[in-house]
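A.B. asks: Below is one structure. I have some questions about it.
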Amino acid sequence: MKRRDFIQQLSVGSALILSGLGLQSFIPSSKTTKITILHTNDVHSHIDPFGSNVGRNSNTGGVARRSNLIESIRKENPNTLLLDAGDIFQGTPYFNYYGGALEFKLMSMLKYDLATIGNHDFDNSIDGLYAQLPHAKFEFVSANYDFTNTVMDAHVKPFKIFKIDGIKIGVFGLGIELNGLVEKSLYKETKYLDPIEITQDMSRVLKIEKNCDLVICLSHLGYYYKNSPDRISDLNLATTTKGIDLIIGGHTHTFLEKPTVVKNIEGKSMLINQVGAYGINLGKIDFYFDADKNKSAKGTSIIV
């Protein structure tokens, strides 16, 4: 089977079509604008594919395969963004040897548009993260990490706005509480701000002040904590805030076959997606906008 046909079959087979759930029904037409969001999380320095004898992950992943897949999708729809939800570093000897330079160089070659910062991205300290920034030809967003008095100050923005084919897309980042998870000596003076308060502010800025048609949160908070249900997570964030259309998550290595539909505090539907870890899957969510900017969506996780 040709790779393109395989991708199309897989996407159709596991597509989530949002209709009657707050987002508009999926009815593409000649006036429809399609925006594709591709995303990864918790790749953890996995450059090579898994071997043929490692169980369920055998013969999956690898940067080269992901690159081919991304390029195939971009050819089908040039209106594509590629995002990462953090924990780019740590997990293979590549990180131990190159300190993160290889990961950033390869992501730049794959033309990532934006990423947020995970807890393991501090594993070589905040100074080690800063040292690798010249290798990243993409930007980082984190709205709830205050980097004042650190080397990362002014190198991380709270949000970024993309304008693609008449559609305005606002993306902001959120990071997990570092205290108790990462040694203080590694993240130094980085301050953690409340994700719910920050999200309410970010959604107001992006949705109302900046008039974004699509608001995306790049989150490294974790999908959900069964043993600590009140702990801040993507699911809890979604139900207690408004204005977000999509949360792209990380940290908990949660493998979702398709996005979860969640009602926000206003009772409106929005999406949460996370594609596990190690570059095994690539998330793909297509948003369709009609002439009045009403939107519908379908999403899937594609095995690499």
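The values are calculated or read from the model by the stated rules, or taken from the named source; none is laboratory data. Here the structure is a predicted model, which is why all the values come from computation and not from measurement. Using ideal geometry, Cβ is built from the backbone for each residue, glycine included, and neighbour counts are taken over all protein chains shown.
Residues checked against (1) of a type in the set (Phe, Trp, Tyr); (2) at pLDDT below 95; (3) on the phi > 0 side of the Ramachandran plot:
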position: Ile176; (1), (2), (3): no, no, no
position: Asn179; (1), (2), (3): no, no, no
position: Lys188; (1), (2), (3): no, no, yes
position: Tyr192; (1), (2), (3): yes, no, no
position: Cys212; (1), (2), (3): no, no, no
position: Lys226; (1), (2), (3): no, yes, no
position: Ser233; (1), (2), (3): no, no, no
position: His253; (1), (2), (3): no, no, yes
position: Gly276; (1), (2), (3): no, no, yes
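A.B. asks: What do you reckon, is Ala143 in contact with a helix residue (DSSP H, G or I) (Cβ under 6 Å, 6 or more places away or on another chain) and more than 22 Å from Tyr278 (Cβ to Cβ)?
C.D. replies: Judged against the criteria, Ala143 is a match.
A.B. asks: Are there any pairs, at least 6 apart or on different chains, whose C-beta atoms fall under 8 Å, with the first in segment 112-128 and among the aliphatic types (A, V, I, L, M) and the second assigned to a helix (DSSP H, G or I), and if so, which?
C.D. replies: Ala115/Met107; Ile117/Leu129; Ile126/Leu186; Ile126/Tyr187
A.B. asks: For segment 249-270, how many residues are outside any loop (DSSP other than H, G, I, E, B) and touching a helix residue (DSSP H, G or I) at 6+ places or on another chain (Cβ under 9 Å)? Working first, answer last.
C.D. replies: Going through segment 249-270, the residues outside any loop (DSSP other than H, G, I, E, B) turn out to be 255, 260-263, 269-270.
Now restrict to residues that are touching a helix residue (DSSP H, G or I) at 6+ places or on another chain (Cβ under 9 Å): 260, 262-263, 270.
Matching residues across segment 249-270 total 4.
A.B. asks: Anything in segment 165-207 that is over 21 Å from Thr148 (Cβ atoms) and free of Cβ contacts under 8 Å to residues at least 24 places away in the same chain? List them, or say none.
C.D. replies: Passing the criteria: only Gly180.
A.B. asks: I would also like to ask the following. Being more than 17 Å from Lys34 (Cβ to Cβ), assigned to a loop (DSSP other than H, G, I, E, B), out of contact with any Lys or Arg (no Cβ under 9 Å at 6 or more places or on another chain) and not hydrophobic (A, V, I, L, M, F, W, C) is the filter here; which residues of segment 271-304 pass it?
C.D. replies: Residues satisfying the conditions are Gln274, Gly276, Tyr278.
Each row is one residue, and each column tells you yes or no for (1) over 23 Å from Ile37 (Cβ atoms); (2) touching a residue at least 60 places away in the same chain (Cβ under 8 Å); (3) in contact with a Ser or Thr (Cβ under 6 Å, 6 or more places away or on another chain).
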residue	(1), (2), (3)
Leu221	no, no, yes
Tyr224	no, no, yes
Gly243	no, no, yes
Gly250	no, yes, no
Phe255	no, no, no
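A.B. asks: What's the number of the only condition in (1) in a loop (DSSP other than H, G, I, E, B); (2) surrounded by 23 or more Cβ atoms within 10 Å (Cβ to Cβ); (3) not acidic (Asp, Glu) that Leu218 fails to meet?
C.D. replies: Of (1) in a loop (DSSP other than H, G, I, E, B); (2) surrounded by 23 or more Cβ atoms within 10 Å (Cβ to Cβ); (3) not acidic (Asp, Glu), only one is false for Leu218: (1).
A.B. asks: Looking only at segment 33-69, how many residues end up being charged (D, E, K, R) and free of Cβ contacts under 8 Å to residues at least 12 places away in the same chain?
C.D. replies: The number of residues fulfilling the criteria is 1.
A.B. asks: Give the residue, chosen from Asn77, Asn96, that is touching a Lys or Arg at 6+ places or on another chain (Cβ under 6 Å), over 15 Å from Val304 (Cβ atoms) and not β-branched (Val, Ile, Thr).
C.D. replies: Asn77
A.B. asks: Looking at segment 38-81, which of the residues that are outside any loop (DSSP other than H, G, I, E, B) and small (Gly, Ala, Ser) is surrounded by the fewest Cβ atoms within 10 Å (Cβ to Cβ)?
C.D. replies: Selected residue: Gly55.
Yes/no per residue for (1) closer than 26 Å to Phe95 by Cα; (2) of a type in the set (A, V, I, L, M, F, W, C):
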site: Asp153; (1), (2): yes, no
site: Lys160; (1), (2): no, no
site: Lys163; (1), (2): no, no
site: Val171; (1), (2): no, yes
site: Leu174; (1), (2): yes, yes
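A.B. asks: Would you mind telling me which numbered condition in (1) within 20 Å of Asn119 (Cβ to Cβ); (2) crowded, with 18+ Cβ neighbours inside 10 Å Thr148 fails?
C.D. replies: Of (1) within 20 Å of Asn119 (Cβ to Cβ); (2) crowded, with 18+ Cβ neighbours inside 10 Å, only one is false for Thr148: (2).
A.B. asks: Report, by residue number, each residue of segment 129-156 that is of a type in the set (S, T, N, Q) and either touching an Asp or Glu at 6+ places or on another chain (Cβ under 6 Å) or part of a helix (DSSP H, G or I) (or both).
C.D. replies: Gln132, Asn149, Thr150
A.B. asks: Filter segment 108-120 for residues that are buried (at least 18 other Cβ atoms within 10 Å of the Cβ) and in contact with a His (Cβ under 9 Å, 6 or more places away or on another chain) and give the result.
C.D. replies: Correct list: Thr116, Ile117, Gly118, Asn119, His120.
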